[in-house]
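Colleague: This is the structure I want to talk about, given as structure tokens.
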Amino acid sequence: MKDRISNLARRARREYSNKGLRSFIANGFRFVARDFWLEEVIERRSISRSELQSIAEKDENIWYAQKEGSINIDPAPNHQIREEFKPYPSEFAPETPFVCELSDCYLLGDYAVGMTEEGSIISETAPVYKSTGSVKKLGIGMGEVLRSSVPMRRTEPEYDYENVFPLVTPYASYYHWMVEYLPKLRLLEHYIEKTGKEPTVLVESDPRGFVRGTLETIGYPSSSYEEWRGGKARIDSLILTPHRIHSFNYRNPPLSNYNPSRDDIRWLRQRVRSSTNRDRGGDVRKEKSKSRRIYISRQEVDSDHTSSRKVLNYDEVKGVLDEFGFEPYIMENLPFRRQAELFADADVVMGPHGAGLVNIIFSDNPLVVELFPESKVKPHFYFISDMMGFGYEGIVTDAKGTELVVDTDLLRSRLESVT
């Protein structure tokens, strides 16, 4: 009983830390009455990463890739940004990557969560749940979880697969798809090389444009994968890799669950640049007839979006962009391949904080100029810039909600000093 009370207190702190007092109060009864008990069931019946490795090693069904070195994020050059990012972890030791087979499993729910024959959830297939603790992010009903833990009450699978590699993302974000999901294919290819087997790759039902576009660009056309249909499927051999969560805790930065891999980024960068004929000698800058400066606009993001980050005085800002030779682009209007080409050719990339900036990984030693509303200063793209050795300048602006009001004199001054 004491352990349960301790777990409840831990979960209450996490709910408050992640979502604030208002959400905690509003969801308190639901939180205690349902989610807590369901999480107890899941925690008691789940397979951790280390347990997964032990099972696979015992069955001799695990293949390790090369371990990479440690990652140390340097303090940001700008004092204000440096202070904002200071509380976040800055030293990382990526675990040795591996790929393994687990026999006689199930995939179920909206997001193809893995479950063993015994009814234990495979944690590496439920990353959002691992990151947030929210059972809603499993995409599985409470009844299904409870039934699966009791053999006599389990539902029968609707279809079968022989050898499967799940790549179904529960995230709406392009950013998480790029840094957490696509790099898994590096280890899938390691598995194919070691075993000669080619598993069925499963992606989300009716894949979004960026899912199709990125897969096509790195060599996975629509004929090379299948869409997950939901429900429940029996799997003879489930192929799994570690899931590197990239999650920052904005309310309590030291508790961030951020697990970067420079090797993952370099692999994705090389695959995309090779496909777009931009890979010309690694990080050596190619000669261009003139400097290419691009501005990533969020002006067409719906204002009802929780984080639109539009620039409210964009007409004034546009004058400064013209003055410094920036060309504005709206990523949502461009196919992925064209986005990758733009970033690969850019010397300077500027824009408000947003998922589209993850495309800097395809650039050739750019200067990254990131605009933040003072209400939301987040370290995602500074960390990537620092890992890749890119120049970086962060500018914090006034804000109305999550929208930006840019001081054009300050912007002009900062651009003069760094470009």
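Colleague: Can you run down the residue pairs with Cβ atoms below 6 Å, 6 or more apart or on separate chains, where the first is in region 330-346 and in the same structural domain as Trp177 (by TED's automatic domain parsing) and in a helix (DSSP H, G or I) and the partner is at pLDDT 95 or above and surrounded by fewer than 15 Cβ atoms within 10 Å (Cβ to Cβ)?
Modeller: From residues that are in the same structural domain as Trp177 (by TED's automatic domain parsing) and in a helix (DSSP H, G or I), there are no pairs.
Colleague: Let me ask another. Give the number of residues within region 213-261 that are over 28 Å from Thr276 (Cβ atoms) and either without any contact (Cβ under 8 Å) to a residue 40 or more places away in the chain or hydrophobic (A, V, I, L, M, F, W, C) (or both).
Modeller: 9
Colleague: I'd like to verify a number: residues in region 372-394 that are modelled with pLDDT under 95 and of a type in the set (Lys, Arg), how many?
Modeller: 1
Colleague: From Tyr111, Tyr88, which residue is at pLDDT below 95, surrounded by 17 or more Cβ atoms within 10 Å (Cβ to Cβ) and of a type in the set (Phe, Trp, Tyr)?
Modeller: Checking each option against the conditions leaves just Tyr111.
Colleague: Which count do you get for residues in region 331-364 that are farther than 18 Å from Val418 by Cβ, aliphatic (A, V, I, L, M) and modelled with pLDDT of 95 or more?
Modeller: Final tally of qualifying residues: 6.
Colleague: Would you pick out the residues in region 373-392 that are in contact (Cβ under 8 Å) with a residue 60 or more places away in the chain, under 21 Å from Pro89 (Cα atoms) and either of a type in the set (Gly, Ala, Ser) or not in a loop (DSSP other than H, G, I, E, B) (or both)? Break it down into steps so the answer makes sense when it comes.
Modeller: Going through region 373-392, the residues in contact (Cβ under 8 Å) with a residue 60 or more places away in the chain turn out to be 373, 376-380, 382-384, 386-389, 392.
From what is left, the residues that are under 21 Å from Pro89 (Cα atoms) are 376-380, 382-384, 386-389, 392.
Within region 373-392, His380, Tyr382, Phe383, Ile384, Asp386, Met387, Met388, Gly389, Tyr392 meet the criteria.
Colleague: Of all the residues that make up region 250-262, how many are touching a strand residue (DSSP E or B) at 6+ places or on another chain (Cβ under 7 Å) and not in a strand (DSSP E or B)?
Modeller: Number of matching residues: 4.
Colleague: Name, by its number, the condition in (1) surrounded by fewer than 18 Cβ atoms within 10 Å (Cβ to Cβ); (2) assigned to a loop (DSSP other than H, G, I, E, B); (3) at pLDDT below 95 that does not hold for Arg147.
Modeller: Failing condition for Arg147: (2).
Colleague: Since Ser275 meets every condition but one in (1) in contact with a Ser or Thr (Cβ under 6 Å, 6 or more places away or on another chain); (2) at pLDDT 95 or above, which condition does it not meet?
Modeller: Among (1) in contact with a Ser or Thr (Cβ under 6 Å, 6 or more places away or on another chain); (2) at pLDDT 95 or above, Ser275 violates only (2).
Colleague: Looking at region 187-204, can you tell me whether even one residue there is assigned by TED's automatic domain parsing to the domain that holds Leu102 and at positive phi? Break it down into steps so the answer makes sense when it comes.
Modeller: Keep residues of region 187-204 that are assigned by TED's automatic domain parsing to the domain that holds Leu102, which gives 187-204.
Now drop any that are not at positive phi, which leaves 196.
Within region 187-204, one or more residues are assigned by TED's automatic domain parsing to the domain that holds Leu102 and at positive phi.
Colleague: Okay, moving on. Taking Asp364 and the conditions (1) crowded, with 21+ Cβ neighbours inside 10 Å; (2) farther than 24 Å from Tyr88 by Cα; (3) in contact with a helix residue (DSSP H, G or I) (Cβ under 6 Å, 6 or more places away or on another chain); (4) not aromatic (Phe, Trp, Tyr), which numbered condition does it fall short on, given that it satisfies the others?
Modeller: (3)
Colleague: Need the failing condition index for Leu321 against (1) at pLDDT 75 or above; (2) within 28 Å of the chain's Cα centre (by Cα); (3) hydrophobic (A, V, I, L, M, F, W, C), just the number.
Modeller: Evaluating Leu321 over (1) at pLDDT 75 or above; (2) within 28 Å of the chain's Cα centre (by Cα); (3) hydrophobic (A, V, I, L, M, F, W, C) leaves (2) as the failure.
Colleague: Testing Ile294 on (1) surrounded by fewer than 18 Cβ atoms within 10 Å (Cβ to Cβ); (2) modelled with pLDDT of 95 or more, one condition comes back false. Which one is that?
Modeller: Evaluating Ile294 over (1) surrounded by fewer than 18 Cβ atoms within 10 Å (Cβ to Cβ); (2) modelled with pLDDT of 95 or more leaves (1) as the failure.
Colleague: Going by the conditions given, is Leu410 closer than 16 Å to Glu316 by Cα, in contact with a Ser or Thr (Cβ under 9 Å, 6 or more places away or on another chain), among the aliphatic types (A, V, I, L, M) and surrounded by fewer than 16 Cβ atoms within 10 Å (Cβ to Cβ)?
Modeller: Considered against the rule, which asks whether it is closer than 16 Å to Glu316 by Cα, in contact with a Ser or Thr (Cβ under 9 Å, 6 or more places away or on another chain), among the aliphatic types (A, V, I, L, M) and surrounded by fewer than 16 Cβ atoms within 10 Å (Cβ to Cβ), Leu410 comes out as yes.
Colleague: For region 347-364, which positions are assigned to a helix (DSSP H, G or I) and under 19 Å from Thr402 (Cα atoms)? Break it down stepwise before answering.
Modeller: So in region 347-364, the residues assigned to a helix (DSSP H, G or I) come out as 355-362.
Result: Ala355, Gly356, Leu357.
The values are calculated or read from the model by the stated rules, or taken from the named source; none is laboratory data. Keep in mind the model is a prediction, meaning the values are calculated, not measured. Using ideal geometry, Cβ is built from the backbone for each residue, glycine included, and neighbour counts are taken over all protein chains shown.
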